[in-house]
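Please read the structure below before turning to the comments.
The values are calculated or read from the model by the stated rules, or taken from the named source; none is laboratory data. Note that the structure is predicted; figures quoted are calculated from it, not measured. Please note: Cβ atoms are built from the backbone with ideal geometry, for glycine as well, and neighbour counts cover all protein chains shown. Each accessible area value is taken on the protein alone, full model and side chains, heavy atoms only, with ligands, DNA and RNA left out. Shrake-Rupley method; radii C 1.70, N 1.55, O 1.52, S 1.80 Å.
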Amino acid sequence: MTINNSLSVASSSRLINRAIVALSVAAFGSGMSMRVMDPMLVRLAADFAIPIGLASWSITVFGVAYGFSQLLFGPLGDRYGKVKVVAFGSGACSLAALFCASAQDFSWLLLGRALGGATAASIIPLAMAWIGDVVVYEQRQAVLAKFLIGQILGLSAGVFVGGFSAEFFSWRVPFFIIAAWFALIGLYLGSHAKRLPDHTHVVQLGEGSGLTRLLGEFQKVFSVPWARQVLLTVCLEGAAVFGALAFVPAHLHTVYGLSLSSSGALVMLFGLGGLAFAFQSRRWIGVFGEVKLIQAGALIMCGSLISLGWLPLWWLTMPACLLFGLGFYMMHNTLQINATQMAPERRGAAVAAFASCFFLGQSSGVALSGSLLTSAGTPLLLTWAGLLVLIVGIRFANLRKQKFLQP
């Protein structure tokens, strides 16, 4: 009996680990979708004869749709099973990517990007929430950091493939790649979800039906004071970081005269900085703890963004991009671990609210930066973003240090 139990536990652990890897692969596709447009703004502006600021709406609508769709997918994951919903969402992402690839004018591309954001909303937040269900808190931050390797690589690949395709092929090419990626991982997750142990299928039926239950789930999340602090912080973080990151390729292209593919390759260093944290996350978490990780991450991001804005030589931007990614994941990963625990009894809705605020913040930041781009210029935009993220990080670190209604 003991041997059988041990084998059962080992088998269960393997299935869970495989699910985490598969969810990370899906997160790769989501990350690629998020950032694939960044280095293509100059190409889109030329192809559709529109200003770069208007072209940036292809990023904004993705984030807005992503943010608001969390209001649907979080409770759906709690009710029907998170991994199962991610599998269906991946299939929908594939169709949305094909829609973008076939768009004949900018308006249809915007619609496709909105559909892409709405469907991608089902992946990373629900995956994080499921990890929160099956991994104990003491181990969760390191596991989340490893899971996010997929997203980090996806962000980097999106920027690189977008820039390379914009320069040598067509802006449509990356969307065919994204469609194939999501189709394959969606099929695998749909099959694997049926083999997962029963205890991993955490379902919250809730009270009432339809809209009443939906609103009730989020009302209970927002009623927690600590949750409101986490959500406000991640919204401001998203506005500062991605309101700047979206225009870094354009900055490198216009200020230093780099090609779009070279600009995209440099911004890939943002992802490599994230990987540096992910691979050493367990050690860094143990040494620094949550508060110091937030403080250091905010300070590193501030210095990196200001440096990116004013460095006189293009090759000096390489370490700045690398450190920017390192600082971001030091701070953001710590916010994520708080998100998984701010309302444990309805974790799907809580993490969905977290992702919603994050992406609505991103969309607001990109839209605001795009509107100020002509008058302010990218160096000032990057400087303002750096100062904002420093203020936001220090504020949250102080709240966490004081154990302000901590989870």
Requested in this report: Sort through LEU335, LEU305 and tell me the only one that's more than 16 Å from PHE247 (Cα to Cα), in a helix (DSSP H, G or I), in contact (Cβ under 8 Å) with a residue 24 or more places away in the chain and not acidic (Asp, Glu).
Outcome: LEU335
Report task. Quick one: which residue in ILE306, ILE285 is at pLDDT below 80 and crowded, with 18+ Cβ neighbours inside 10 Å? Result -> ILE285
Query raised in the report: Here are PHE68, PHE62: which of them is under 18 Å from the mean Cα position of the chain (by Cα), among the aromatic types (Phe, Trp, Tyr), at pLDDT below 90 and surrounded by 18 or more Cβ atoms within 10 Å (Cβ to Cβ)?
Result: PHE62
Report summary line: Selection from region 271-282 of residues open to solvent by 30 Å² or more (accessible area, probe 1.4 Å) and part of a helix (DSSP H, G or I) yields LEU272, ALA276, PHE279, ARG282
**Report entry** Subset of region 125-154 (residues that are within 27 Å of ILE59 (Cβ to Cβ) and open to solvent by 10 Å² or more (accessible area, probe 1.4 Å))
**Finding:** ILE149, GLN151, LEU153
Report summary line: Filter region 1-27 for residues that are open to solvent by 100 Å² or more (accessible area, probe 1.4 Å) and at pLDDT 70 or above; the one that is nearest to SER94 (Cα to Cα) is ARG18
Report summary line: Of the residues in region 222-268, those that are under 23 Å from TRP314 (Cα atoms), open to solvent by less than 30 Å² (accessible area, probe 1.4 Å) and either aliphatic (A, V, I, L, M) or free of Cβ contacts under 8 Å to residues at least 12 places away in the same chain (or both) come to ALA240, VAL241, ALA244, LEU245, ALA246, VAL248, ALA250, LEU252, LEU258, LEU260, LEU266, VAL267
Requested in this report: Go through region 243-270 and give me each residue that's in a loop (DSSP other than H, G, I, E, B) and not hydroxyl-bearing (Ser, Thr, Tyr).
Outcome: ALA246, PHE247, GLY257, LEU258
